[in-house]
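Report on the following structure.
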Amino acid sequence: MQNHYDFEKFEKKWQKDWDDKTLYKAKNKDEKDNYYVLEMFPYPSGKLHMGHVRVYSIGDVIARFKRMEGFNVLHPMGWDAFGLPAENAAIKHGNIHPREWTWENIESMKEQMKAMGLSYDWDREVATADPDYYKWTQWFFIKMYENDLAYKKEQPVNWCPSCDTVLANEQVVNNRCERCDTLVEQKELEQWFLKITEYADELLEGHEELDWPERVKTMQKNWIGRSEGMSINFPVQEIDKELEVFTTRPDTIYGATYMVLSPEHPYVDELITDKENEDEIRDFINRVKNQEDMERTSPETEKEGIYTGSYATNPMTGEEIPILIANYVLMEYGTGAIMAVPAHDQRDFDFAKKYDLPIKAVIQPHDKKEKLDGSNMKEAYSEDGYLINSEKYNGLNVEEAFDKFANVMEEKNIGKRETNYRLRDWLISRQRYWGAPIPIVYCDQCGTVPVDEEDLPVLLPDDVEFSATGISPLAKAEDFVNTKCPKCGGDAKREIDTMDTFVDSSWYFLRYMDSNNQKLPFSNESAQDWFPVDQYIGGIEHAILHLLYARFFTKVIRDLDLLDEGEPFTKWLAQGMVLKDGDKMSKSKGNVVDPSRILDEYGADTARLFILFASPPEKDLEWSEAGVEGANRFLNRVWRFIAENIDDIKDVDVSKINLAQSNLNEDEKELHRKLHETIQKVTEDVSERLNFNTAISAIMELVNELYSYLVDNKKQLNEELLAFVTEKTLLMLAPFAPHMTEELWHKIGHKSSIHRADWPEFEEEAAKKDEITIVIQINGKVRDRVDVDANISEDALKEKVFKQDKVQKYTEDKEVAKTIVIPKKLVNIVVK
RNA sequence: GCCGAAGUGGCGGAACUGGCAGACGCGCCGGAUUCAAAAUCCGGUGGGGUCAGACUCGUAUGGGUUCGAAUCCCAUCUUCGGCACCA
């Protein structure tokens, strides 16, 4: 056996062998316990990047570990195959169809994944751009339409001029397109929406049962932005209408001294009763409307407003209060109108100061003697307190007042309790080609009609000109557009927009369970077997987008009675980024490390081992070529150990060895002990904590221990022990370095795959120490150590400790105030 | 501005529940092997101090709780992430 590890000699061989033996096939209804581990599927860009290598390595270790633990594991992979890059490539190069481009990329990425030795069940592979798949995406859309969860509506929407399509709110980051970073514009368009807001509360409540990073739950919580308050109607005599406002502070209504409308508010026109200044008012409105969104919605922008000339009546006080229009009120949130309480809201306060509007304090801080006075306040007071200047309600505290006012106003029909959300419905129409067509037909007779289920999928036509013009390329595909109405059979036209690709990825984890089902997206039985996903792994950048949509879809699908559970991902590990020189790898920075080079140069096992060893999975990882070499060196060290001792290790039937009953000498005992200590640590690190870096370092320690044992006992090796420990070490290393361990496993005499072998069992008895080292502290400082019997009594331990020379020295002429004994660890003597 | 996470050797990181700070790896230094080198093996490696030890300082900074703090509490600084005129 050569004593140098040469990955090129066997990585491909084993990959083919595993494939041939369908080693990683997951069977539905296995007698074993089922476990579903899933990594977020990639967009088929054509090449794996380091982030992919990281996330798939993590998933693969979990999958392999769980299999060795005896679980029937579902570990699938697929392709988020619809999307703009394919279409843009077609536009740019002209001679390649997005379909071709996509499938070629899938092929090359799949090849790279196979070269990594990932243990997927490829029989379950899905691609969202496959008609077999998007048929069901369309089917879900129709189900939602039938259940009033999909609707078409005209409203101002986010438009990305570079992508030539609309975007969902979630896809706009700081007013820029999430994909291409272009400034987003507003357009008034009629578009399809999914009613995610219907599930807002459930999406919030569901967090409680999820084992997800807390910060991610918080991000989603902030995004949904639930706030409880009241809608209150303020009558306006001039126009004989009521202005509805939303407020979270009905308790401050006695302090509402004016009202403010958004310039976009529908009543604005009628309310301009100050005809003298009408031109000035209209100029102002137009100016604000034309303000860049970024500027308009920034808290730094100075608040500006103008009087309308109209007055509203405060329904609680009966006071007439002026109505203004201002740039700081947004039409998108609440009702587009607010009651301004300058004494207790900083924004209203700033505005009131500028325009000299009255400030009336109605909440008095509990801990202040002198009464708050609106005329001399320096800033708004928005903390807790009790009511003043509120007639018969004076003295109530804020919380009581909220309830009291809510009851009174509901009784009098002035207002009602209401909950508002920041979350908007999900805009899913896209004016682009490479996506799933929205399965809707427009008929002059019957109106909007969903396509019949039997007629799904609505196939994406091939022969289309892809140029991005702001209107879906499908508009020009006449064979596609012109169709018959499913209801009346008359001439009709198809919807030409396609669906947001986030719709495709909102249910792919369900299709894996039953990916060849022709009758349903998945069967109920398969869901019983596998759902929900036990462990999901993917990038934090999807914390809001994909993970919120997928949770929403799951809840809808549950309500269609296809699932019992409403949460798709029980556990989620958000893996960190791979950095180079402290920066995210990117072409523009020129710091990209190509995984295929690493795979060619060092092999898959080294690449996997390094990336898992360098950092805990949820933290960012700094790429280091020296670190890769270190990982390679370690694998070599394991290889060489076996190569050099192959005669002692080979063909020993480890299952027949009972080390507990054999008489081991001290060194042997120590090695055996270390083995079991390692088994315990690695098992826990991999299964509970998902800290692969410390699991690997524990295996490294064990290998170091094996080498020291060899050096110290050259003359008299215990071959049985050596074979035993070596074999268990290989088993623990198998999920991390699947190829090399498989090769070595066969070299030491096994005939079947190491990946079908059992995970080593931890024996508590073997891991126990006979002697332990106790740390001796004097006044909290470590002064000495003493080796004692592990089962020593507290009194005997104390006695022994006080006999130590060092302890004598430090306690001489001093009074021992206290002695603290921490069993098996430490004794702290406090002296004065 | 608000919310959240983090800050430990030259570097990546470990210390899981308050109990030996720096496991493991990288790098560096020394030794063995070699004609020599690479590779490999063995040993050392936080700072100060010393022949060596004793000792001493040390987990962003300042304070606190405790017999004992990287870990808990308060304040400050820095970095990263999210939200941001949300009524």
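Bear in mind these aren't lab numbers, they're just calculated from the coordinates by the rules spelled out. Note that the structure is a prediction, hence the values are computed from the model and not measured. Don't worry about glycine lacking a Cβ; one is built from the backbone with ideal geometry, like all the others, and counts go over all protein chains shown.
What to note about this one:
- Rg and Dmax of segment A:628-767, based on Cα coordinates, read 14.1, 41 Å.
- What the Cα atoms of segment A:771-831 give is an Rg and a Dmax of 10.6, 32 Å.
- The protection proxy used here, the mean number of other Cβ atoms lying within 10 Å of each residue, ranks peptides A:376-386, A:563-573 as follows, highest first: A:563-573, A:376-386.
- Whether segment A:227-420 is rounded, prolate or oblate, judged on the alpha carbon gyration tensor where a/c under 1.5 counts as rounded: prolate
- Segment A:540-585-segment A:250-271 distance, computed between alpha-carbon centres (Å): 40 Å
- Ranked for footprinting exposure by Cβ neighbours inside 10 Å, fewest first, A:Met732, A:Met1 give A:Met1, A:Met732.
- Estimated FRET transfer efficiency when R0 is 30 angstrom, pair A:Ser586-A:Thr448 (beta carbons, to 0.05): 0.10
- Modelled this way, with points 7 Å down the Cα-to-C-beta line, the labels at A:Arg689 and A:Ser596 are 3.8 nm from one another.
- Proximal lysines relative to A:Lys9, as straight alpha-carbon distance under 25 Å, when same-chain residues fewer than 8 apart are discounted: A:Lys21, A:Lys47, A:Lys110, A:Lys114, A:Lys650, A:Lys728, A:Lys747, A:Lys751
- For segment A:412-442 versus segment A:714-775, the gap between their alpha-carbon centres in whole angstrom: 57 Å
- Kirkwood hydrodynamic radius of segment A:1-91, from inverse mean 1/r over distinct Cα pairs, in Å: 16.0 Å
- Principal-axis tilt of helix A:398-411 within chain A, Cα atoms, nearest 10 degrees: 50 degrees
- In whole angstrom, chain A maps to an equivalent ellipsoid with semi-axes of 61, 42, 22, each derived as √(5λ) from the alpha carbon gyration tensor and ordered largest first.
- Charges were assigned to the Cβ only: +1 to each Lys and Arg, -1 to each Asp and Glu. The resulting dipole of segment A:181-334 about its Cα centre is roughly 240 debye.
- Annotation note: GluC sites (Glu not before Pro) in segment A:608-639 located in DSSP loop regions with a Cβ neighbour count of at most 16 within 10 Å are A:Glu618.
- At R0 = 30 Å, FRET efficiency that the Cβ-Cβ distance of A:Glu719 and A:Ser624 yields, to 0.05: 0.20
- Full-stretch length increase - A:Lys378, A:Gln680 - with 0.36 nm per residue and alpha-carbon distance subtracted: 102.5 nm
- Amide N of segment A:249-292 lying under 20 Å from the label point, which is placed 7 angstrom from the Cα of A:Lys353 along Cα→Cβ: A:255-260
- Estimated FRET transfer efficiency (A:Glu8, A:Asn516; beta-carbon r; R0 30 Å; 0.05): 0.25
- Subtracting the Cα-Cα distance of A:Glu541 and A:Lys47 from 0.36 nm times their residue separation leaves 175.9 nm of extension gain.
- Full extension of the chain segment joining A:Glu292 with A:Lys487 gains 65.7 nm, where the gain is 0.36 nm per residue of separation less the Cα-Cα distance.
- Considering helices alone, the calculated mean residue ellipticity of chain A at 222 nm is -10500 deg cm²/dmol, with DSSP H runs of length four and up weighted by -39500 (n - 2.57) and normalised per residue.
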